[in-house]
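One structure, as structure tokens, below. Some questions next.
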Amino acid sequence: MRGPGPDVLVLGRYRLTDKVADDRTSSYWRGFDERLRRAVGVRLMPMSDPRADRLRDAARRASLVTDRRAVHVLDTAEDTEHELLVVVTEWVPATGLGDLLTARGGEALPARDAATIALEVALFLAAAEEAGVAHGHVRPNCVLVTDGGEVRVRGLAVDQALHGTEPEVDPELADVHGAGAVLYAGLTGRWP
């Protein structure tokens, strides 16, 4: 990684500008694809991490899902110089469901909004399952709502590779639980 300044990292064709999330072994960045001139999300993980192969496989499987509600995987790469696995997704300017609920002070969404969001998530999970890919780890901020009300879901298969299934059951059953949890959260203002 090269850095023209303290807040910008350059990794190949991707300029990473804002670290959005960081856990023990991986980080997620907002970035820019210099070649295609578009915003992207970039997950970095050391190749030495025991989950790296699972993450690469999950990203490849997720890239097969073309449903309009998916936050699409655009690329995977290995940065051999820094020994990093790089997973690139589209960047969707939106607010996570968890952040929406927090902004409302934990108050429920209007019932119609909660039902619409949950329906869109359920339809997405069904389309992904039809393509042979489970999300496996639906959580509040993987459900995104744009300013125009469009619902998008990020982390398909990738979140499962990183964190396991939630709850710890078969990934398809975890997705059923996840769709129900989205509806519950919208109607109650809190994640079950």
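Which value, in Å², gives the accessible area per residue of the chain when a 1.4 Å probe is used on the protein heavy atoms?
51 Å²
Moving to a separate point now. Just to be sure I understand the curve: with the Debye formula and one point per C-alpha of the chain, what is log10 I(q)/I(0) at q = 0.14, 0.15 Å⁻¹?
For the chain at q = 0.14, 0.15 Å⁻¹, log10 I(q)/I(0) is -0.79, -0.89.
Quick one: if you stick a label point 7 Å off each Cα along the C-beta vector at ASP22 and THR66, how many nm between them?
Going by the 7 Å Cα→Cβ label model, 3.9 nm.
When you have a sec, figure out the Kirkwood radius of the stretch 41-115 from all distinct Cα pair distances and drop it here in Å to one decimal?
This gives a value of 14.7 Å.
Could you give the alpha-carbon Rg of the stretch 111-163 over 2.2 N^0.38 Å, rounded to two decimals?
1.13
Using a 1.4 angstrom probe on the protein heavy atoms only, could you order LEU100, LEU44, LEU187 from most to least accessible area?
The residues order as LEU187, LEU100, LEU44, largest area first.
Taking the DSSP beta bridges in the stretch 66-192 as the whole, what percent of them are antiparallel, to the nearest 5?
In the stretch 66-192, approximately 90 percent of DSSP beta bridges are antiparallel ones.
Multiply the residue separation of ARG35 and GLU107 by 0.36 nm, subtract the distance between their alpha-carbon atoms, and state the gained length in nm to one decimal.
Gain on extension, ARG35 to GLU107, equals 21.6 nm.
Give, in nm to one decimal, the length gained when the segment between ALA126 and THR80 is fully stretched (0.36 nm per residue of separation minus the Cα-Cα distance).
Length gained between ALA126 and THR80: 12.9 nm.
Which semi-axis lengths, in whole Å and largest first, follow from the square roots of five times the eigenvalues of the Cα gyration tensor of the stretch 65-150?
Taking √(5λ) for each eigenvalue gives 28, 17, 11 Å, largest first.
The values are calculated or read from the model by the stated rules, or taken from the named source; none is laboratory data. All values derive from a computational prediction rather than experimental measurement. A quick note on method: Cβ atoms are made from the backbone with ideal geometry, for glycine too, and the neighbour counts reach across all protein chains shown. For accessibility, only protein heavy atoms count, side chains too; no ligands or nucleic acids. Shrake-Rupley method; radii C 1.70, N 1.55, O 1.52, S 1.80 Å.
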